[in-house]
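Worksheet: the structure to be examined is printed underneath.
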Amino acid sequence: EATVTFTQAKYTDPSQAKTYTFTIDSSSFDSSSYANNNYEKTSTATATDGSTMEVKWTSYQVYKKNGADSMQWQKNAGYIYNSTDLGTITSVTVNTDSSTFTTYIGTSEQPSTNGEGGFFKVKAGSSTSYSTSIVVTFQK
């Protein structure tokens, strides 16, 4: 005989969910090297009612471009993903002039397919890429 325990996440009525937004920009990075910026960071997400929550995210092969207010991403290798479950992501906007990025949304850290869920990953394309910010909006 075995005992199985199920834990269900707290149900949030979608009509009662708060909408939060946070931004990742060059202020979260230094301009020393890609390698020196490969770690987990924390941002504060703010809800429409003014409440806040901390969001943890990780960057890999992304750093602050020297002399600019933009992030430089290594081609084919640069990415950012979150490790805090955001509930329901409603948008991930990469603000860029000309670079190509792929955005994934899913149910696990570093999702590799687009879908629904509380985790995102933004990945650089096949050339060195630049962005001024990533704006993430979610409901929780």
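The values are calculated or read from the model by the stated rules, or taken from the named source; none is laboratory data. All of these numbers come straight from a predicted model, not from anything done at the bench. All Cβ positions, glycine included, derive from the backbone under ideal geometry; neighbour counts span all protein chains shown.
Screening K121, K56, K64 for residues that are of a type in the set (D, E, K, R), at pLDDT 95 or above and over 14 Å from the mean Cα position of the chain (by Cα) leaves exactly one candidate, K64. Only one entry in S99, S131 is under 21 Å from F29 (Cα atoms) and at pLDDT below 95, namely S99.
The set of residues in the stretch 111-140 being exposed (fewer than 14 other Cβ atoms within 10 Å of the Cβ) and charged (D, E, K, R) consists of E116 alone.
It is to be established whether one or more residues within the stretch 75-82 are of a type in the set (A, V, I, L, M), surrounded by 20 or more Cβ atoms within 10 Å (Cβ to Cβ) and under 14 Å from I24 (Cα atoms). Yes; the residues of the stretch 75-82 include at least one that is of a type in the set (A, V, I, L, M), surrounded by 20 or more Cβ atoms within 10 Å (Cβ to Cβ) and under 14 Å from I24 (Cα atoms). Scanning the stretch 19-51 for residues that are surrounded by fewer than 13 Cβ atoms within 10 Å (Cβ to Cβ) and under 23 Å from T90 (Cβ atoms) gives T42, T44, T48, D49, G50, S51.
Determine which member of the set G78, G117, G67 is touching a Gly at 6+ places or on another chain (Cβ under 8 Å) and not basic (K, R). Exactly one residue qualifies, and that residue is G117.
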